[in-house]
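Written below as structure tokens is the structure these notes are about.
The values are calculated or read from the model by the stated rules, or taken from the named source; none is laboratory data. Just so it is clear, the structure is predicted and the values come from calculations on it, not from any experiment. Quick reminder, even Gly has a Cβ in these numbers, built from the backbone with ideal geometry, and neighbours come from all protein chains shown.
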């Protein structure tokens, strides 16, 4: 059975403001110094699926830039444009319905567009294991990350010890407090939820039909127009009214037949500026200087220069980011709160820097 890659790339990545913007969110940034994150995601998927079978689902406002950035890597027609952001269930359902309508069926590897993975060969091996399970057992399969520390910022998956490389999921668990996370890690029965899913298009659509019937009804209307001159108009009419629900809540947490493939391949979601040490080495003082940056007598500080010289002296535990039209400074432990700056700018209608 043919294997398809489906990259979810509609997010805003607001925690990387001021570098990330509405039309250039995190997945379109080159944070590693090698390539933009969505292209690194495509490259990993092509270890398991053919490039012509990799699809991207993105917001319409980002689609033109996405097509430019990914040119030559996947066919332009494989960029699916959402008229509105309706969460991950609609995104995945739309891709599944399109693949089933056009291709008959196939195994989908659904992945976020903006994670970092160190060991790409091991990641490909894990995906191939998940593909075999999804194809052979008509199962919903997810990839779990073997925890390396008691993280409180990730969701967890509790699995049964029995079995080989593929485990049966007992339940999905929300982000825990530290004591609970420590217990999870010590038990050896929990993995981090990576947000990577593998299943047949037909199997996930049946789950939509039974568990999210309203959303499925909308997808059926869209499917009836796929490949016809009315496709764009129907998509614009139906999609914005689809229920907004995550696939985790709408499908995964409500299904009793989920499998997980645990693995460790150096995964990190690189969710904010304080995590740049995942992508770049720190100096002897714990500093990271990117671009035209100079740090003197500073410790544990990250500086990003988009053009001008940024000079920092006597700082400790800061993030400093410079772009042509904005400068952002915050304590490293508040890097997750950069989203609050974006919200404040929206309230002030500062669309010029959003």
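Data table
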| item | result |
| --- | --- |
| Answer residue from segment 281-296, given it is in a loop (DSSP other than H, G, I, E, B) and in contact with a strand residue (DSSP E or B) (Cβ under 6 Å, 6 or more places away or on another chain) and is farthest from residue 33 (Cα to Cα) among those | 285 |
| Residue check, residue 95 modelled with pLDDT under 95 and in a helix (DSSP H, G or I) | no |
| Segment 300-320, subset closer than 21 Å to residue 337 by Cα, free of Cβ contacts under 8 Å to residues at least 60 places away in the same chain and not in a loop (DSSP other than H, G, I, E, B), residue farthest from the chain's Cα centre (by Cα) | 316 |
| Conditions (1) at pLDDT below 95; (2) under 27 Å from residue 41 (Cβ atoms); (3) out of contact with any strand residue (DSSP E or B) (no Cβ under 7 Å at 6 or more places or on another chain): number failed by residue 270 | (3) |
| Of residues in segment 139-153 being more than 15 Å from residue 264 (Cα to Cα) and in contact (Cβ under 8 Å) with a residue 60 or more places away in the chain, the one surrounded by the fewest Cβ atoms within 10 Å (Cβ to Cβ) | 153 |
| Unique residue being surrounded by 22 or more Cβ atoms within 10 Å (Cβ to Cβ), more than 21 Å from residue 134 (Cα to Cα), in contact (Cβ under 8 Å) with a residue 60 or more places away in the chain and in the same structural domain as residue 128 (by TED's automatic domain parsing) when the list is 9, 85 | 9 |
| Residues satisfying the stated conditions in segment 112-132, i.e. buried (at least 24 other Cβ atoms within 10 Å of the Cβ) and not in a helix (DSSP H, G or I) | 113, 114 |
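Let's see how each residue does on (1) assigned to a strand (DSSP E or B); (2) without any contact (Cβ under 8 Å) to a residue 24 or more places away in the chain; (3) within 27 Å of residue 114 (Cα to Cα):
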| position | (1), (2), (3) |
| --- | --- |
| 186 | no, yes, no |
| 198 | yes, no, yes |
| 202 | no, no, yes |
| 223 | no, no, no |
| 227 | no, no, no |
| 232 | no, yes, no |
| 236 | no, no, yes |
| 244 | no, no, yes |
